[in-house]
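The values are calculated or read from the model by the stated rules, or taken from the named source; none is laboratory data. These numbers come from a predicted model, not from an experiment. Cβ placement follows ideal geometry from the backbone for every residue including glycine, while neighbour counts extend to all protein chains displayed.
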Amino acid sequence: MSTTTHAIAAPGPGAPLERTTIERRDLRPDDVLIDIAYAGICHSDIHQARGEWGEAIFPMVPGHEIAGTVAAVGSAVTEYQVGDRVGVGCMVDSCGECEYCRAGTEQFCVKGNVQTYNGVGFDGEPTYGGYSRQVVVKDAFVCRIPDGIGLDVAAPLLCAGITTYSPLRQWGAGPGKKVAVVGLGGLGHMAVKIAAAMGAEVTVLSQSLKKQEDGKRLGATEYYATADESTFDVLRGRFDLILNTVSAQIPVDAYLGLLRTGGAMVNVGAPGEPLSYNAFSLIAGNKALAGSMIGGLPETQEMLDFCAEHGIGAEIETISADDVNEAYERVSASDVRYRFVIDTATIGA
Ligand SMILES: [Zn+2]
Ligand SMILES: [Zn+2]
C-alpha cells in the first residue's frame, strides 16, 4: 500500500527531466506526510541527474531543499501537527545510535545517512526527492520553518543555508571578524547574508565585479575581482576566515596568503579534480585548510530560527515544472540570481 504522487524525474543519466508519478510509502508511526510547496534546485541535483557523481539510481527525482506543510502524521508523532510549516534537507534517515547521530551530527553517521534522493533507505527502497507534490519523511528529519520566512525563500535554506551557516558558526564568524566569501552563487549569496547577520565584516571575492551591487545589497562591505591579480596583494593577511563556495580549481596558495595568522580557509565547493597547495602556505602562520558538510538536524533547526530572526531568505527565481530543464542549463552557466525554486503546484494535480 502506498500513495501515488506527481513528480519530475530524470529517466536516465543526462536525460531531460519529465513529469511522472511515484509512490510514497504509507505512514509509519514516526512518519510525517508533507504537501510540498516549493523545492529548490541545488547544483548537486544537476550533477547527480547527469550521473556525474558516479553510480546513481534512475529514474531520479532530485530535490533536497524542500518546504511545505504537514498533511498527515503517523500515530507516534508528537512534534508536528497537520498544517505546520516544515522543511526537509539533504538527509531523511540515519542509524540514530552511533556517536555522531547521538551528537546531532547525522551527516556523519557511521552507517551512512540516507540521502533525500538518489539514496536507499534502511528498508531497501530508493529515495525520491522534493521535485514532487508530496513526500513522506521520518519525523526526526523534519525541521520547523518559522512563520517569519516565506516557504519559497525558505526552501533553499535547507541545503544552501545550512551548508554555509555551519562552517561560519564553527569557525567563529561574528563581530570583529573579517570573513571573505569566495564566489557569489547559490551558496555564496547565502554565506554573505548569514555572515553579515552574525555581525562579521564580509568581503566577496568573485571573478569579476559583475555582481558587485548585489553583493553589497546582500550585506558585503567590500567586493573584489579575483581576475585582477592586484587583489591578492591588496588583501594579503586580511581575513580571519575564507569560505570557498566555488566548485572549480582555484589557486589555494594565493587564497591562503589572504589569511591572518591563525586564520582558516573552509571549502564547501567541491571541484571534480584535486586541489593542491604548498605546505608552507599553512605552516607559515598556523593556518588551517578545512571542509564542511551540511549540518545535523539540531543545527539545521538553529539555522532556520536564526534566519527567521534576522529576516533572511534566499534570493530566488520561482519557476514552473515546465522550466526545470532550462533552469538546469542556466545553473550550469551560472545564470541565476541566486536560486531557482520550483512551484510544485505546477507539477501536476
Ligand atoms: Zn544541495
Ligand atoms: Zn549513526
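Where residues in the stretch 101-118 are closer than 22 Å to Pro298 by Cα and touching a residue at least 60 places away in the same chain (Cβ under 8 Å), which of them is nearest to ligand 1 (Cβ to nearest atom)? I'd like the intermediate steps shown before the answer.
So in the stretch 101-118, the residues closer than 22 Å to Pro298 by Cα come out as 101-117.
Those left that are additionally touching a residue at least 60 places away in the same chain (Cβ under 8 Å): 103-108, 117.
Details: Ala103: 22, Gly104: 20, Thr105: 17, Glu106: 16, Gln107: 12, Phe108: 17, Tyr117: 10 Å.
Taking the candidates together, the pick is Tyr117.
Got a sec? Which of Val82, Val86, Val92 is more than 16 Å from ligand 2 (Cβ to nearest atom), crowded, with 17+ Cβ neighbours inside 10 Å, among the β-branched types (Val, Ile, Thr) and at pLDDT 95 or above? Full working, then the answer.
Details: Val82 fails: crowded, with 17+ Cβ neighbours inside 10 Å; Val92 fails: more than 16 Å from ligand 2 (Cβ to nearest atom).
The conditions single out Val86.
How about the stretch 4-31: which of its residues are of a type in the set (S, T, N, Q) and touching an Asp or Glu at 6+ places or on another chain (Cβ under 7 Å)?
The first filter runs over the stretch 4-31 and keeps only residues of a type in the set (S, T, N, Q), leaving 4-5, 20-21.
Thr4 - this is the single residue of the stretch 4-31 that is of a type in the set (S, T, N, Q) and touching an Asp or Glu at 6+ places or on another chain (Cβ under 7 Å).
Here is a yes/no grid of residues against (1) over 25 Å from Cys307 (Cα atoms); (2) surrounded by fewer than 24 Cβ atoms within 10 Å (Cβ to Cβ); (3) within 16 Å of ligand 1 (Cβ to nearest atom):
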position	(1), (2), (3)
Glu97	yes, yes, no
Tyr128	yes, no, yes
Phe141	no, yes, yes
Arg144	no, yes, no
Gly150	no, yes, no
Gly172	no, yes, no
Pro175	no, yes, no
Lys178	no, yes, no
Gly186	no, no, yes
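Considering only residues that are assigned to a loop (DSSP other than H, G, I, E, B) and on the phi < 0 side of the Ramachandran plot, which ones fall in the stretch 85-107? Quick ask: steps written out before the conclusion?
Pass one, the stretch 85-107, residues assigned to a loop (DSSP other than H, G, I, E, B): 89-90, 94-98, 103-105.
Passing the criteria: Gly89, Cys90, Ser94, Cys95, Glu97, Cys98, Ala103, Thr105.
For the stretch 239-253: of the residues being of a type outside the set (Asp, Glu) and surrounded by fewer than 17 Cβ atoms within 10 Å (Cβ to Cβ), which is farthest from Gly285 (Cα to Cα)? Please lay out each step first, then the result.
Step one: list which residues in the stretch 239-253 are of a type outside the set (Asp, Glu), which gives 239, 241-252.
This time we only want the ones that are surrounded by fewer than 17 Cβ atoms within 10 Å (Cβ to Cβ), so: 248-249, 251.
Numbers: Ala248: 25, Gln249: 23, Pro251: 18 Å.
The qualifying residue farthest from Gly285 (Cα to Cα) is Ala248.
Considering only the stretch 60-79, state which residues are surrounded by 17 or more Cβ atoms within 10 Å (Cβ to Cβ) and assigned to a loop (DSSP other than H, G, I, E, B).
Within the stretch 60-79, Val61, Pro62, Gly63, His64, Glu65, Gly74, Val77 qualify.
What is the number of the single condition among (1) in a strand (DSSP E or B); (2) within 25 Å of Gly313 (Cα to Cα) that Val82 does not meet?
So Val82 meets the others, but not (1).
Of the residues Ile57, Ile36, Ile22, Ile46, only one is assigned by TED's automatic domain parsing to the domain that holds Asp139, part of a helix (DSSP H, G or I) and either in contact (Cβ under 8 Å) with a residue 12 or more places away in the chain or surrounded by fewer than 20 Cβ atoms within 10 Å (Cβ to Cβ) (or both); which? I'd like the intermediate steps shown before the answer.
Working: Ile57 fails: part of a helix (DSSP H, G or I); Ile36 fails: part of a helix (DSSP H, G or I); Ile22 fails: part of a helix (DSSP H, G or I).
Among Ile57, Ile36, Ile22, Ile46, only Ile46 is assigned by TED's automatic domain parsing to the domain that holds Asp139, part of a helix (DSSP H, G or I) and either in contact (Cβ under 8 Å) with a residue 12 or more places away in the chain or surrounded by fewer than 20 Cβ atoms within 10 Å (Cβ to Cβ) (or both).
Could you check, for the stretch 104-120, whether at least one of its residues is in the same structural domain as Pro11 (by TED's automatic domain parsing), more than 15 Å from the chain's Cα centre (by Cα) and more than 16 Å from ligand 2 (Cβ to nearest atom)?
yes
Test Ser281 against the stated conditions and say whether it is outside the structural domain of Ile46 (by TED's automatic domain parsing) and in contact with an Asp or Glu (Cβ under 7 Å, 6 or more places away or on another chain). Don't jump to the end; show me each part of the working.
Values: outside the structural domain of Ile46 (by TED's automatic domain parsing): yes; in contact with an Asp or Glu (Cβ under 7 Å, 6 or more places away or on another chain): yes.
Considered against the rule, which asks whether it is outside the structural domain of Ile46 (by TED's automatic domain parsing) and in contact with an Asp or Glu (Cβ under 7 Å, 6 or more places away or on another chain), Ser281 comes out as yes.
Looking at the stretch 263-297 only, could you name the residues that are part of a loop (DSSP other than H, G, I, E, B) and within 16 Å of ligand 2 (Cβ to nearest atom)? Give the steps one after another, and end with the answer.
Step one: filter the stretch 263-297 for residues part of a loop (DSSP other than H, G, I, E, B), giving 268-278, 284-287, 292-296.
Residues satisfying the conditions are Met293, Ile294, Gly295, Gly296.
Residues Ala349, Ala345: which one is surrounded by fewer than 19 Cβ atoms within 10 Å (Cβ to Cβ), part of a loop (DSSP other than H, G, I, E, B) and over 19 Å from the mean Cα position of the chain (by Cα)?
Just a single option satisfies the conditions, and that option is Ala349.
Pick from Ala270, Ala220, Ala279, Ala264: which is in contact (Cβ under 8 Å) with a residue 12 or more places away in the chain and surrounded by fewer than 18 Cβ atoms within 10 Å (Cβ to Cβ)?
Ala270 is the lone residue from the list that is in contact (Cβ under 8 Å) with a residue 12 or more places away in the chain and surrounded by fewer than 18 Cβ atoms within 10 Å (Cβ to Cβ).
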